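Notes follow the structure.
Every number here is computed from the coordinates shown, using simple stated rules; none is lab data. Keep in mind it's a predicted model, so treat the numbers as computed, not measured. Positions of Cβ are backbone-derived with ideal geometry, glycine not excepted, and every protein chain shown enters the neighbour counts.
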Amino acid sequence: MTRLPETTQKKLGLVIDLDTCVGCHACVTACKGWNTENYGVPLSDTGAYGSEPVGTFLNRIHSYEVEPTGGGCSQTVHFPKSCLHCEDAPCVTVCPTGASYKRSEDGIVLVNEDACIGCGLCAWACPYGARELDLAAGVMKKCTLCVDRIYNENLPEEDRVPACVRTCPAGARHFGDFADPESNVSKLTAERGGIDLMPEQGTKPVNKYLPPRPKDQMKDMDVLTPLIEPVCEEPKGFLAWLDKRLEAL
Amino acid sequence: MHPAPSVIIFTVLSGLGFGLLTFLGLGLPEATGWAAFFYFAAGFALAVGGLLAATFHLGNPQRALKAFTQWQTSWLSREAWLSTAALIVLGVYAFAAVFFNASITLLGWLGAFLSLATVVATAMIYAQLKTVPRWNHWLTPLHLLTISLAGGAMLAQQTGAAAVLLLFAGAVQIFHWVLGDRRFEERGHTIETATGLGDRGKARLFEPPHTGSNYLLKEMAFVVGRKHAQKLRLISFVAMIVLPLVIVVLLPMNPFTAVIATLFYLAGAFASRWLFFAEAQHVVSLYYGASGSNPPYQPSLSR
Ligand code: SF4
Ligand code: SF4
Ligand code: SF4
């Protein structure tokens, strides 16, 4: 049903820490690996070994360079992007078939692939590029928040988090319930000033992004530094011998 | 946005078809017998042909009936209902007109109203998208509606209506182009708001997430050169508005001139609709480094 729930009991989502993400793409691989063999049809690749490989992914890492306004070194920011499970999800309301829906119990936005006609309108409606039509199956794919892991009692407890969160070597992705002010994600968002992407689109994303801290500044150098006596003049002993040998080469 | 031929053909042909059916439903001209047969055959062929072309755009067309379920929220679903209702109502009206020489006026009006509503619903599919600022405006339904009615008036050989509607459609087209050019910037979407990095400085794309292409780039990061677009606008305007207007105003209206005028109109309308998609910039292009006049990342395929 493409009518959005007025409220959801939980607001499950991710916090993505732009300060710690190292841009290794491990979450991209883990996401593709888990989701290609679980929820729905596989995430297909076309021409994987050809000159123009194209594939379906639910999570992608952009990298940006930011030039600070006040001058100084520019900063590289790795930027993971998957579905933000928006509260006012425009991708859901445009769907003609009811294939796209937002769950009232936990707020996860999903696609029922058996009902999807592959019109692509939901991908047009998403500002964030979080939906990709699978070219082989002709149905819409998107992040499921690993709905088949987080409630899965067949998995050991520590694995009941999204694949991307579980795999991130830098601890840059956190999973939790934003409806609970005491949850890890709510606290992180409050402490670090988590933000919404493209807030002017009015989608009210659940996922939050923690801004990178500004780069450290180099301490001013003492004006007398160039006048300091060198600590070591000429090498002696073994080093002197090595120096000579190398010179002779 | 990627100008997919199936969607361009669909919106132009079914727009023209429902434009013609609107006039036929209003009894302009009030045709019966064979004349009615040819008029309605043209209207239905265009409308249905366009709708069929649209299904080529779907990944799983065999489930198309499911698109009728979500009329409460989805314009695409409403379009499915309205177009079907229009075709059924006018089918009955046409049957009576062709075989019983009878015009059931109220049924015709209802059919005309449903035809108009279908064109508006189609336009709303695009106009509702906040992600495509150029489309997200009330001028978009007005644009598609006036184009479709102007074409319909020509095929229905309504000289006066055709002339007035062509002028109106031309004016709306120009506004849609000129105001549309500014809309993306007016909305204030930038790479800085997209990434949330704006408070620390100027951001640019350092590396795209993938070396090849993907669905998003193919579907939503289409770029057309500005000069190229200006030329095409001119060609489209002359073919779609100016030439048909000259024919409608200066030559006597008969089926032959009506068809010639409509052919010019169709050529121009296809160009206009191509531009409608090609010039529309989706906000996702910001994540791929689009800014101002800079195009988004496109993989270089020459290796
Ligand atoms: S990020 Fe895109 S796909 Fe996900 S809920 Fe929001 S609008 Fe829908
Ligand atoms: S592609 Fe599928 S999920 Fe998306 S709007 Fe169309 S039918 Fe709905
Ligand atoms: S939550 Fe699961 S589906 Fe979503 S990006 Fe992470 S791994 Fe992929």
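Need one number: % antiparallel among DSSP beta bridges in chain A, to the nearest 5. Please report the intermediate quantities before stating the final value.
Working: 22 of 25 bridges.
Bridges in chain A are about 90 percent antiparallel.
Please check: in the Gaussian network model of chain B (C-alpha springs, under 10 Å), which one of B:S77, B:S236, B:S213 has the largest mean-square fluctuation.
Largest GNM mean-square fluctuation: B:S213.
Once every DSSP H run of n ≥ 4 in chain A is given -39500 (n - 2.57) and the sum is divided by its residues, what mean residue ellipticity at 222 nm do you get, rounded to the nearest 500 deg cm²/dmol? Walk me through the numbers before you get to the answer.
Details: 7 runs with 50 residues, N = 249.
The helix-only estimate for chain A comes to -5000 deg cm²/dmol at 222 nm.
Just grab the label-to-label distance for B:A4 and B:V242, each label 7 Å out from Cα along the Cβ direction, in nm (one decimal).
My value for the distance between the label points is 3.4 nm.
Taking the Cβ of each residue in B:R134, A:R103 as the centre, tally the other Cβ atoms inside 10 Å and list the residues starting with the fewest.
A:R103, B:R134
Just tell me which lysines come within less than 21 Å, Cα to Cα, of A:K236; anything on the same chain fewer than 8 places away is out.
A:K244
Applying 1/(1 + (r/R0)^6) with R0 = 25 Å to the Cβ-Cβ distance of B:D181 and A:C24, what FRET efficiency is obtained, to the nearest 0.05? Provide the component values of the computation, followed by the final result.
Numbers: r = 41 Å, r/R0 = 1.64.
It comes to 0.05.
Before anything else, pin down the relative contact order of chain B: Cα pairs under 8 Å, at least 6 apart, normalised by residue count, whole percent.
23 percent.
Kindly state, to the nearest 0.05, the FRET efficiency for B:V259 paired with B:K231, given R0 = 22 Å and r defined as their beta-carbon distance.
Details: r = 27 Å, r/R0 = 1.23.
Once rounded, the FRET efficiency stands at 0.20.
Most mobile of A:H25, A:H174, A:H62 per a Gaussian network model of chain A (Cα springs, under 10 Å)?
So, out of A:H25, A:H174, A:H62, the one fluctuating most is A:H62.
Using helices alone, I'd like the mean residue ellipticity at 222 nm for chain B: each DSSP H run of four-plus residues gives -39500 (n - 2.57), total over residue count, nearest 500. Intermediate results must be reported in sequence, preceding the final value.
Numbers: 11 runs with 193 residues, N = 303.
That comes out to -21500 deg cm²/dmol.
With a/c under 1.5 counting as rounded, go ahead and sort segment A:12-210 into rounded, prolate or oblate using the C-alpha gyration tensor (a ≥ b ≥ c being the square roots of the eigenvalues; past the cut-off, prolate if a/b is larger than b/c, else oblate).
Working: a/c = 1.38, a/b = 1.24, b/c = 1.11.
Rounded shape, in that the Cα axes give a/c under 1.5.
Estimate the FRET efficiency between A:Q9 and A:Q217 by the formula 1/(1 + (r/R0)^6), using the beta-carbon distance for r and 45 Å for R0, to the nearest 0.05. Please report the intermediate quantities before stating the final value.
Values: r = 46 Å, r/R0 = 1.02.
Efficiency at R0 = 45 Å is approximately 0.45.
So for chain A, averaging the separation of alpha carbon pairs under 8 Å that are six or more residues apart and normalising by length, what relative contact order in percent results? Could the numbers behind the result be given before it?
Working: 452 pairs, mean separation 66.6, N = 249.
In percent, rounded to a whole number, it is 27.
Give me the percent relative contact order of segment A:156-226, please, defined on Cα pairs under 8 angstrom at least 6 residues apart.
Values: 49 pairs, mean separation 11.7, N = 71.
Relative CO of segment A:156-226 lands at 16 percent.
For segment B:257-303 and segment B:191-252, what is the separation of their Cα centres, given in Å?
Answer, in whole Å: 5.
Could you check the simple spin-label distance between A:L188 and B:L65, using points 7 Å along Cα→Cβ, in nm with one decimal?
A separation of 4.7 nm, rounded to one decimal place.
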